[in-house]
Amino acid sequence: MNVRSLRVILPIFIALPFLLGTAFDRPAAESHVPHPVLGTEILLADWGFKDVSEIRAGQIGVIHEKKDRLDIYRLRKVPPVRPAASAYRSRAPEIGERGVFLVSHYDEGNQNSLGGYYNVYQRAPSSALCGIEATPDGRRALALRYSRAATGFCGLWTHFYNLRDEPDSRVFLNAEPFSELAFWVRGEKGGENIYLKISDANWDRKEDALPIGPLEAFVEGGEITTEWRLARVPLTAFPDGIRRDQLAGLILDASREEQGSVYLKTLAFVTAQGKPPPLRAPHPSLPPQGGKGLKQATWVWETSKYLKNPAEQNALLQFMMREKIDHLFLQIPNEPDRLDSGGASVVDAGRMRPFLGRLNRKGVKVHAMDGWTRFALPEYHDTVLATMRNVIRYNRESDTIERFYAFHYDIEPYLNSGFGGYRRDWILQNFLLILKKSRDLAHAAGLPYGCDVPFWFDSPDEFTNEKFIVEFGGQRKLVSDHLIDLVDNVGIMDYRTVAYGADGVIAHAGGELEYAAKAGKPIFVGLETFGLPDETQWSFRTDAQAGLPVLAAGTFLFARASGDSGAFYYVPEGGLDTFVAWTKTRRIDPAALRYWRLKEKIFVPSSKVTFAGMPADRLKLAMEQARFELSKIPSFAGFAIHYYETYRDLLSPVKR
């Protein structure tokens with residue numbers, strides 16, 4: 001993978017209750033080597049600052065590679081306002097037949113009748129997975145698979161409100177008309193130990209809940225078995241600290257050290273005169289692997305290796321035929337000997353023609369791909385267009401069977417310096433501008449044009465809560481909507497390792513797919529198999545303090561101005577003495593330092609983002625589950641797996 005095409009993933013996540021924050025913590029076993037002082041520099045002007053003392057809010061990432069690395073994500077002069085409801089609203093639902101309000105059968109989908117999502121929470125070394133699965137008797141149900149260790153915690157929550165609504169718009173459940181909560185449950189082995197908890201609007205805001213009691217105490221027969229049994233929870237069993245007129249969610253907590261699985265079905269609230277709903281009949285099974293009419297794509301970055309080696313070409317073709325991959329995003333070679341005087345890539349026609357001929361004869365549509373974060377900047381636009389003209393010239397001078405089918409760009413503008421500051425809109429507008437110029441050039445040559453986009457471009461920024469809305473072409477709307485309007489197809493970098501849940505593949509792809517369906521544009525949903533590091537994100541929202549802290553306890557971010565640059569240093573808990581000693585060896589004046597205490601922490605394990613290191617069955621299950629749900633949306637074209645070499649090794653691990 002060459003320098004220009006090197007992909008760096010900036011993990012930006014939606015802050016979801018029970019999902020981030022305390023949901024993940026650092027595993028006990030450390031695989032990285034901490035550096036005594038982590039530092040990085042930025043150009044202050046890129047972020048709109050004249051001096052580091054102006055910084056009053058920020059977000060950083062400590063990337064846990066063999067040696068930790070520090071990245072700066074957000075810096076602001078004004079601390080972002082945390083969204084909070086001025087008052088809690090609730091509504092009593094309409095009561096249906098049998099005196100029942102049905103929340104969900106959990107046959108399919110991510111949301112229940114109240115708009116509520118479900119998801120797991122966990123702290124290592126305990127872990128959990130959830131999703132809609134087929135049970136042994138053919139029914140489909142919400143499954144919680146957990147591994148509860150001696151330390152940590154894990155479980156499942158399901159909400160009675162839509163957490164993606166703005167805080168002031170959220171409507172909680174008024175359960176006052178009901179006397180009990182009922183649902184059907186079964187275990188995989190029987191005897192699973194699950195503790196029920198409940199939250200209202202106030203406890204949900206604290207990302208916490210209050211205990212009700214062990215699940216088996218409310219199950220018919222007093223135990224969880226391998227057969228479906230009805231659980232009936234009187235609302236009078238809810239703790240005194242819970243407001244029944246503002247219910248937020250039900251929690252199933254794995255309460256003892258064990259591995260297990262439980263299935264949940266037909267969750268409903270029942271009136272005093274009502275009757276719990278019966279167990280629903282089996283739901284149709286999942287569609288067969290492959291999905292009618294769906295495509296599959298992958299990326300190849302080190303194209304020159306394949307151009308020079310027929311054996312590598314054979315292996316690639318065999319893999320693509322076996323896995324039914326019919327679209328290939330092929331990096332236009334951009335090693336120094338393949339660049340012209342202006343930095344544009346020139347196609348090696350002598351080697352490219354036979355390679356594309358082989359691919360095309362097998363029915364593979366090859367997209368000429370290029371990508372670099374700086375391509376979003378106006379000074380690089382001419383280089384992008386010059387490379388495209390070289391590809392168009394190659395196509396024009398080649399036989400039909402030896403041509404590229406389309407263009408595909410993977411620019412990732414959010415990796416540019418200052419994106420997390422005042423330059424964000426400017427960078428995004430120039431990103432959209434090069435997409436428009438590129439699309440027009442591609443269309444003039446009769447070629448489709450596509451690009452990649454992160455799933456979070458249609459979501460509020462998790463630190464600032466600002467939506468990615470920009471002015472372009474006389475319209476102000478989400479950058480993802482602009483992008484879908486501009487191009488012919490999109491690859492969503494939907495890098496999650498579970499299909500279902502509030503933080504899964506299905507939920508994150510939904511917005512783009514729905515918009516693309518209206519626009520008549522196909523969408524590839526991208527999944528990651530490339531190995532990525534764990535990360536710890538820290539945030540602060542306070543004024544900078546001068547000098548060195550009087551109290552050494554805590555985690556700190558230090559900064560000092562150095563000409564036009566700002567140097568930043570991350571100091572972990574217990575590392576202040578080491579940092580002070582280090583500054584003395586560098587003759588750094590303590591009076592020139594500014595610092596912030598870091599208290600807001602999110603640990604992001606690589607297993608949340610990539611399937612690397614997991615069994616191939618985990619990837620196949622996620623694809624199967626996501627296909628079942630996403631195939632209902634006309635714009636879903638199929639999956640794009642990043643990237644060929646790591647995808648191949650995941651499916652067929654061999655020592656290379």
Residue under question is Ala591, and the condition is that it be within 30 Å of Asp51 (Cα to Cα) and of a type outside the set (Lys, Arg); does it hold? yes
Scan of region 519-531 for residues that are within 14 Å of Val487 (Cα to Cα) and surrounded by fewer than 24 Cβ atoms within 10 Å (Cβ to Cβ), ordered by number: Ala519, Gly520, Lys521, Pro522
Does any residue of region 503-522 turn out to be closer than 30 Å to Thr158 by Cβ, over 17 Å from the mean Cα position of the chain (by Cα) and among the hydroxyl-bearing types (Ser, Thr, Tyr)? yes
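Within region 437-469, how many residues are part of a helix (DSSP H, G or I) and in contact with a Gly (Cβ under 6 Å, 6 or more places away or on another chain)? Don't jump to the end; show me each part of the working.
As a first pass, look at region 437-469 and keep what is part of a helix (DSSP H, G or I): 437-444, 455-458.
From what's left, in contact with a Gly (Cβ under 6 Å, 6 or more places away or on another chain): 458.
Total meeting the criteria: 1.
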Given the criterion out of contact with any Cys (no Cβ under 6 Å at 6 or more places or on another chain), crowded, with 18+ Cβ neighbours inside 10 Å and either among the acidic types (Asp, Glu) or farther than 24 Å from Leu385 by Cβ (or both), identify the matching residue among Phe319, Phe329, Phe355. Phe355
Residue hits (region 113-159; over 22 Å from the mean Cα position of the chain (by Cα), surrounded by fewer than 23 Cβ atoms within 10 Å (Cβ to Cβ) and of a type in the set (D, E, K, R)) are Asp137, Arg139, Arg140
Kindly list the number of the only condition in (1) part of a loop (DSSP other than H, G, I, E, B); (2) surrounded by 15 or more Cβ atoms within 10 Å (Cβ to Cβ); (3) at pLDDT below 90; (4) in contact with a strand residue (DSSP E or B) (Cβ under 8 Å, 6 or more places away or on another chain) that fails for Ile95. (3)
Out of (1) in contact with a strand residue (DSSP E or B) (Cβ under 6 Å, 6 or more places away or on another chain); (2) not in a strand (DSSP E or B), what's the single condition that is false for Gly190? (1)
Scan of region 374-408 for residues that are within 19 Å of Glu335 (Cβ to Cβ) and within 29 Å of the chain's Cα centre (by Cα), ordered by number: Arg374, Phe375, Tyr380, Val384
Residue check for Val470: under 18 Å from His642 (Cβ atoms) and either of a type in the set (Lys, Arg) or in contact (Cβ under 8 Å) with a residue 12 or more places away in the chain (or both): no
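Would you mention how many residues in region 613-634 are in a loop (DSSP other than H, G, I, E, B) and among the hydrophobic types (A, V, I, L, M, F, W, C)?
The first filter runs over region 613-634 and keeps only residues in a loop (DSSP other than H, G, I, E, B), leaving 613-615, 631-634.
So of that shortlist, the ones also among the hydrophobic types (A, V, I, L, M, F, W, C) come out as 614, 633.
Within region 613-634, residues that are in a loop (DSSP other than H, G, I, E, B) and among the hydrophobic types (A, V, I, L, M, F, W, C) number 2.
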Exactly one condition in (1) surrounded by fewer than 18 Cβ atoms within 10 Å (Cβ to Cβ); (2) charged (D, E, K, R); (3) under 25 Å from Glu65 (Cα atoms); (4) within 31 Å of the chain's Cα centre (by Cα) is false for Asp577; which is it? (4)
Among the residues of region 280-305, count how many are among the aliphatic types (A, V, I, L, M) and modelled with pLDDT under 95. 3
Given the conditions (1) touching a Leu at 6+ places or on another chain (Cβ under 7 Å); (2) of a type in the set (Lys, Arg); (3) crowded, with 22+ Cβ neighbours inside 10 Å, every one holds for Arg244 apart from (3)
Inspect all residues belonging to region 108-129 and state whether any of them is touching a His at 6+ places or on another chain (Cβ under 6 Å), at pLDDT below 95 and over 30 Å from Asp168 (Cα atoms). no
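Being surrounded by fewer than 19 Cβ atoms within 10 Å (Cβ to Cβ) and not assigned by TED's automatic domain parsing to the domain that holds Asp326 narrows it down to one of Arg541, Arg560, so name that one.
Values: Arg560 fails: surrounded by fewer than 19 Cβ atoms within 10 Å (Cβ to Cβ).
Just one listed residue meets the conditions, Arg541.
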If Pro522 passes every condition in (1) modelled with pLDDT under 95; (2) in contact with a Ser or Thr (Cβ under 8 Å, 6 or more places away or on another chain); (3) not basic (Lys, Arg) but one, which one does it miss? (1)
Please work out if Thr236 is out of contact with any Cys (no Cβ under 9 Å at 6 or more places or on another chain), surrounded by fewer than 21 Cβ atoms within 10 Å (Cβ to Cβ) and among the polar types (S, T, N, Q). yes
Check off (1) farther than 30 Å from Ile60 by Cβ; (2) assigned by TED's automatic domain parsing to the domain that holds Asp51; (3) not aliphatic (A, V, I, L, M) for Lys599 and give me the number that stays unchecked. (1)
Give the residue, chosen from Ala546, Ala559, that is more than 24 Å from Gly61 (Cβ to Cβ) and modelled with pLDDT of 95 or more. Ala546
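The values are calculated or read from the model by the stated rules, or taken from the named source; none is laboratory data. Keep in mind that what you see is a predicted model, and the values were worked out from it rather than measured. Reconstructed Cβ throughout: ideal geometry from the backbone, glycine too, with neighbour counts over all protein chains shown.
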